[in-house]
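To keep things clear, I will list the structure first and then write my remarks on it.
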Amino acid sequence: MSSLESKIPSGPLAEKWTKHKNDIDLVNPANKRNIDVIVVGTGLAGGAAAATLAELGYNVKTFCYQDSPRRAHSIAAQGGINASKNYQGDGDSDYRLFYDTVKGGDYRSREANVYRLAEVSGNIIDQCVAQGVPFAREYGGLLDNRSFGGVLVSRTFYAKGQTGQQLLLGAYSAMNRQINRGKIKSYTRHEMLDLVLIDGKARGIIARDLVTGEIERHAGHAVVLATGGYGNVFFLSTNAMGSNVTAAWRAHRRGAYFANPCYTQIHPTCIPVSGDHQSKLTLMSESLRNDGRIWVPKRLEDAQAIREGKLKPTELTEDERDYYLERRYPAFGNLVPRDVASRAAKERCDAGFGVNKTGEAVYLDFAAAIQRYGKEKALTSGVKDPDKVTLTQLGEEVIEAKYGNLFQMYEKIVDENPYKTPMMIYPAVHYTMGGLWVDYNLQTTIKGCYCAGEANFSDHGANRLGASALMQGLADGYFVLPYTIGDYLSDDIRTGPISTDSPEFEATEKEVLERINKFMNTNGTHSVDYYHKKLGKIMWNKCGMSRNAEDLKSAIDEIAELRKDFWENVNIPGEEGQFNQELEKAGRVADFLELGELFAKDALQRNESCGGHFREEYQTPEGEALRDDENFKYAAAWEFKGAPSEAVMHIEELVFENIELKTRSYK
Ligand SMILES: Cc1cc2nc3c(=O)[nH]c(=O)nc-3n(C[C@H](O)[C@H](O)[C@H](O)COP(=O)(O)OP(=O)(O)OC[C@H]3O[C@@H](n4cnc5c(N)ncnc54)[C@H](O)[C@@H]3O)c2cc1C
């Protein structure tokens, strides 16, 4: 075990980034034309990075497995993006955004990175507005804000319930400008299957053309991985079906340390699981918690009657409802952070108060908001003495304007009208705070291999606050990486083009082909999904919302066993040299089967509870997470040594000089 050097610049917190930008080496415009950068992933982080690097003059090659960068998982983001603009005049500042994020992450993130994130957050909004992103506006034309969990200000900018889509269109337009200029060469439907190292430096990738099945070599002076999160290790999650860990995991196997794999975010407001044949879960945006109130019946017999279909939620009076978040956390109420809200929902359901057939659902109710908005709308539109029906209609119109597409989505999936009866929600896997370890410059432990967006271990510590993933991805892509990578590339101005005709490319390509051959020739009996579902069940039951040492130990054994079985008995139909989605899935699930074991191993070594990592052995009498700052105030970064069981842990000790370590409280 060794300590990692995070390369945080010296000086006062608020001056570090400016100082660093002034200190690091630059590449002059003429030399940038001689430097090639590979960007794998064109979601918000990769798209922003690629467009900016090309705008600066580098030659960029981008890769994504979808048919267009526009289809990256980032498109799914609904609720919004944070920035400390203080447009509401409610006391926001860079420091407050920094403070909220570090506290929200349960004091397990790197101070200097988080402060930088807050510092550039305002620039992101300006940049996106300049691109034409249609953020919601107030009546007077100024950009509107709403609130997300874990904060006491309104700093979330949004575009209805489609913020990710609109931001991605902005980044994609910026990319397209460069594609048109010939500065970006975009490879869609291409999957990176390995990283090529020459003399210890990342110099290229091996990719598969997913349409023709052809294996290709691509070289560059640096490689940026912006390949998203690994929540699908749980099989069921709110992530896009294709989201995977392969690019990051392949880099990990080549020497990039993987940090805090066990830090997973379970989002409290998702549509509950409906059955065994489901392959995806749907998020109901956290923005709904601005107006929706979460509750379960106060009495067990009422919960049971509801489950049996003998009682409707609308028949219960206010007195008969337990608004448990408002009761337990009066200061933050329904807007406590996600980990806190998820655990509270689980606690109520485990105690027998769940409201759907499986007993794993709570209500998210808009009735009070509809009445409140109805009254306001009646006043502002001059409707005198409105009756209840008119008030309800006016209120529903306001709710529709704010969240219409989310309500429509809910109704389509559940077949119930959420304007008339409360939504049913339950926590689901949503985001992964762990990822490739990066230093302050976003460089992994492999020289020349950078990592941005959800794929890195990021700025969110043990729990991410809502609307901060888009902020981090775009901060990394537009404002951080384009500077820091120049410092590294300034050594490469005389290197000249990197040839793909080298023994290193040859050897890596051979390994990729051997792996594919192994998949195609196993001729086993079980589908890839069979293994993925089994892995997901182990992960959810033993490494999910709450964990304990005994379960984690058995998860490690079970996953290792499942992996062995996979390699002996998986069946992949079709051919290798053609479009073959089962083959694509096989590679991804094989990597999940390794990651899953490391995940459990990481959760087992962390003998404390923090943020989304809740170890049952370490909790307060009220059931809150109990940190151990004396022994676990570090990021755990794992080095690959041939198998997850052999992985060696290195640590980055987290230093808190600008924020006082406290027990996190939202009361
Ligand atoms: C339903 C939902 C709603 C959300 N809402 C919000 C929100 O309101 N606010 C917020 O801040 N966050 C939100 N998030 C989180 C946020 O959307 C993501 O964290 C963020 O978009 C990730 O962006 P990214 O660029 O890092 O990765 P992604 O958008 O996942 O992009 C990954 C890219 O990598 C490519 N890729 C992956 N592997 C390979 C490979 N091996 N080879 C080639 N290409 C590869 C993909 O093709 C894709 O282009 C939400 C998440 C979900 C699931």
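The values are calculated or read from the model by the stated rules, or taken from the named source; none is laboratory data. The model shown is predicted, which means the values in this text are computed figures rather than measured ones. Note: ideal-geometry Cβ built from the backbone for every residue, glycine included; neighbour counts use all protein chains shown. Ligands, DNA and RNA are excluded from the accessible area calculation, which covers all protein heavy atoms including side chains. Shrake-Rupley method; radii C 1.70, N 1.55, O 1.52, S 1.80 Å.
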### Query
Out of segment 409-425, which residues are within 16 Å of Thr269 (Cβ to Cβ) and either basic (Lys, Arg) or not in a loop (DSSP other than H, G, I, E, B) (or both)?
Met409, Tyr410, Glu411, Ile413, Val414, Met423, Met424, Ile425
### Query
Restricting to segment 213-244, what's the tally of residues that are open to solvent by less than 10 Å² (accessible area, probe 1.4 Å) and touching a Cys at 6+ places or on another chain (Cβ under 7 Å)?
2
### Task
Those residues that are in contact (Cβ under 8 Å) with a residue 60 or more places away in the chain and among the basic types (Lys, Arg), I need them from segment 504-553; list them, please.
Arg515, Lys533, Lys537, Arg547
### Query
Hey, Arg254 hits all of (1) in contact with a helix residue (DSSP H, G or I) (Cβ under 6 Å, 6 or more places away or on another chain); (2) within 15 Å of the ligand (Cβ to nearest atom); (3) of a type in the set (Lys, Arg) but one; which does it fall short on?
(1)
### Long-range neighbours under 9 Å by Cβ, at least six apart or interchain, first residue without any contact (Cβ under 8 Å) to a residue 12 or more places away in the chain within segment 403-415, second open to solvent by less than 90 Å² (accessible area, probe 1.4 Å) and outside any helix (DSSP H, G or I)
Glu411/Asn417; Glu411/Pro418; Glu411/Tyr419
### Summary
For segment 148-162 the number of residues that are buried (at least 23 other Cβ atoms within 10 Å of the Cβ) and away from the ligand (no atom under 11 Å from the Cβ) is 4
### Query
Regarding Lys357, is this residue assigned to a loop (DSSP other than H, G, I, E, B) and either within 16 Å of the ligand (Cβ to nearest atom) or of a type outside the set (S, T, N, Q) (or both)?
yes
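In segment 537-548, what residues are open to solvent by 40 Å² or more (accessible area, probe 1.4 Å) and either among the basic types (Lys, Arg) or not in a helix (DSSP H, G or I) (or both)? I'd like the intermediate steps shown before the answer.
Step one: of segment 537-548, the residues open to solvent by 40 Å² or more (accessible area, probe 1.4 Å) are 537, 540-542.
Selection gives Lys537, Lys542.
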### Task
Determine whether segment 431-444 contains at least one residue that is open to solvent by 10 Å² or more (accessible area, probe 1.4 Å), touching a helix residue (DSSP H, G or I) at 6+ places or on another chain (Cβ under 6 Å) and away from the ligand (no atom under 14 Å from the Cβ).
yes
### Task
Count, please, the residues in segment 250-294 that happen to be surrounded by fewer than 23 Cβ atoms within 10 Å (Cβ to Cβ), of a type in the set (Gly, Ala, Ser) and assigned to a strand (DSSP E or B).
0
### Task
Could you tell me which residue of segment 349-371 is modelled with the lowest pLDDT, considering only residues that are under 25 Å from Arg547 (Cβ atoms) and open to solvent by 40 Å² or more (accessible area, probe 1.4 Å)?
Thr358
### Query
Do we find that Ala636 is out of contact with any Leu (no Cβ under 6 Å at 6 or more places or on another chain) and under 23 Å from Val102 (Cβ atoms) in this structure?
yes
#### Entry: Given (1) in contact (Cβ under 8 Å) with a residue 24 or more places away in the chain; (2) open to solvent by 20 Å² or more (accessible area, probe 1.4 Å); (3) not basic (Lys, Arg), number of the condition Gln472 does not satisfy
(2)
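Could you please let me know if Ser173 is on the phi < 0 side of the Ramachandran plot, touching a helix residue (DSSP H, G or I) at 6+ places or on another chain (Cβ under 8 Å) and open to solvent by 60 Å² or more (accessible area, probe 1.4 Å)?
On the way: on the phi < 0 side of the Ramachandran plot: yes; touching a helix residue (DSSP H, G or I) at 6+ places or on another chain (Cβ under 8 Å): yes; open to solvent by 60 Å² or more (accessible area, probe 1.4 Å): yes.
Spelling it out, Ser173 is indeed on the phi < 0 side of the Ramachandran plot, touching a helix residue (DSSP H, G or I) at 6+ places or on another chain (Cβ under 8 Å) and open to solvent by 60 Å² or more (accessible area, probe 1.4 Å).
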### Query
Only one of these conditions is not met by Ser243: (1) more than 17 Å from Gly46 (Cα to Cα); (2) within 13 Å of the ligand (Cβ to nearest atom); (3) in contact with a Gly (Cβ under 8 Å, 6 or more places away or on another chain). Which number is it?
(1)
#### Entry: segment 176-189, residues that are within 30 Å of Ala507 (Cβ to Cβ) and either open to solvent by less than 20 Å² (accessible area, probe 1.4 Å) or touching a helix residue (DSSP H, G or I) at 6+ places or on another chain (Cβ under 8 Å) (or both)
Ile184, Lys185, Ser186, Thr188
### Query
Which residue pairs have Cβ atoms under 8 Å apart, sit 6 or more places apart or on different chains, and have a first residue in segment 426-441 that is in contact (Cβ under 8 Å) with a residue 24 or more places away in the chain and a second that is part of a loop (DSSP other than H, G, I, E, B) and among the charged types (D, E, K, R)?
Tyr426/Glu360; Tyr431/Arg464; Met433/Arg464; Asp439/Glu5; Asp439/Lys7; Tyr440/Lys7; Tyr440/Arg110; Asn441/Lys7
### Query
Of the residues Lys388, Lys412, which is among the charged types (D, E, K, R), at pLDDT 95 or above and more than 13 Å from the ligand (Cβ to nearest atom)?
Lys412
### Query
Across segment 339-355, what is the number of residues that are at negative phi and touching a helix residue (DSSP H, G or I) at 6+ places or on another chain (Cβ under 7 Å)?
6
### Unmet criterion (only one of (1) more than 16 Å from the ligand (Cβ to nearest atom); (2) within 30 Å of the chain's Cα centre (by Cα); (3) open to solvent by 10 Å² or more (accessible area, probe 1.4 Å)) for Ala345
(3)
### Task
Kindly provide the set of residues from segment 378-400 that are more than 20 Å from Cys270 (Cα to Cα) and open to solvent by less than 70 Å² (accessible area, probe 1.4 Å), ordered by number.
Ala378, Ser381, Gly382, Val383, Pro386, Thr390, Leu391, Thr392, Leu394, Gly395, Glu396, Val398
### Query
Residue check, Lys312 against (1) under 13 Å from Tyr363 (Cβ atoms); (2) open to solvent by 70 Å² or more (accessible area, probe 1.4 Å); (3) in contact (Cβ under 8 Å) with a residue 60 or more places away in the chain; (4) under 35 Å from the mean Cα position of the chain (by Cα), all met but one. Which one?
(4)
